[in-house]
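Structure first, then comments.
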Amino acid sequence: MLTLRRLDPTGADREALIEFLTGHEFPFHMRPRLTRAQVEQDIDDGDYPDDEKDSYWLHHQDHGRIGIVRLEDLEDPSPVFDLRLATEHRGHGLGEASLRAITRHLFETLPNVTRFEGQTREDNIGMRTLFLRCGWLKEAHYRESWPVRRVS
Ligand SMILES: CC(C)(COP(=O)(O)OP(=O)(O)OC[C@H]1O[C@@H](n2cnc3c(N)ncnc32)[C@H](O)[C@@H]1OP(=O)(O)O)[C@@H](O)C(=O)NCCC(=O)NCCS
């Protein structure tokens with residue numbers, strides 16, 4: 001059983017969020033290794049909570065906090081997400097359970113949402129597999145979208 005628990009990035013969850021984001025590598029993200037200074041700056045710049053954005057811990061009944069999800073464009077009918085599992089919880093099927101729980105949460109709590117959008121790199125096979133398994137439909141392939149370090 002997996003639930004979403006709202007995160008308070010500027011208050012009670014600030015330190016835990018910094019620890020999570022600096023304690024794991026995210027090889028398919030633009031900044032694969034975040035420093036404490038970068039995360040603190042993002043939080044202080046208001047990068048985390050407002051009407052348009054929200055973040056949640058992904059809480060597993062046996063494993064506790066397994067990751068985070070950030071939802072963006074929440075005032076649009078078509079929000080987007082950023083899902084990050086802790087390193088030790090990758091490769092165990094928890095990504096699929098997470099994506100299903102996030103999708104359910106979105107459509108059950110936001111009546112104006114008609115479409116949920118996700119993007120990932122072409123070489124993030126794990127994430128692409130999740131999209132397919134969860135019934136997502138590929139709409140576009142952005143060939144030169146933004147520069148990132150490739151994973152070998
Ligand atoms: C991406 C992520 C959510 C995927 O969740 P996960 O539960 O770890 O998914 P897995 O790695 O088990 O991959 C799912 C499936 O793809 C397969 N897969 C993964 N990488 C693969 C590869 N390079 N080649 C072939 N198959 C691959 C896995 O074997 C698995 O299939 P299986 O269940 O039949 O074994 C998670 O790994 C994560 O949080 N990564 C870091 C952050 C990230 O990249 N987020 C996505 C941003 S859009």
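Details
- Loop-located GluC sites (Glu not before Pro) in region 5-66 whose Cβ has at most 12 other Cβ within 10 Å (DSSP): 25, 52
- For the options 27, 77, 111, a Gaussian network treatment of the chain with springs between C-alpha atoms closer than 10 Å singles out 111 as fluctuating the most.
- Surface/4 of the Cα convex hull for the chain, nm²: 9.3 nm²
- Solvent-accessible ranking of 102, 125, largest area first, probe 1.4 Å: 125, 102
- Highest mobility in the GNM of the chain, judged by mean-square fluctuation with C-alpha springs under 10 Å and restricted to 118, 46, 67, is found for 46.
- Most fluctuating residue given options 132, 17, 74, as computed from a GNM of the chain linking Cα atoms under 10 Å: 132
- Label separation (residue 119 vs residue 142): 0.1 nm, computed from points 7 Å beyond Cα along the C-beta direction.
- Rel. contact order, % - alpha carbon contacts under 8 angstrom, at least six apart, the chain: 22 percent
- Table column - 3J(HN,Hα) (Hz), region 74-86, Karplus curve with 6.51, -1.76, 1.60, x for Gly and Pro: 6, 8, 8, x, 10, x, 10, 9, 10, 10, 9, 8, 5
- Loop sites in region 84-122: GluC sites (Glu not before Pro), DSSP, at most 15 other Cβ within 10 Å: 122
The values are calculated or read from the model by the stated rules, or taken from the named source; none is laboratory data. Bear in mind the structure is a predicted one, so any value in this text is a computation, not a measurement. Glycine also receives a Cβ, built like all others from the backbone with ideal geometry; neighbour counts cover every protein chain displayed. Heavy atoms of the whole protein, side chains included, go into the accessibility calculation; ligands, DNA and RNA do not. Shrake-Rupley method; radii C 1.70, N 1.55, O 1.52, S 1.80 Å.
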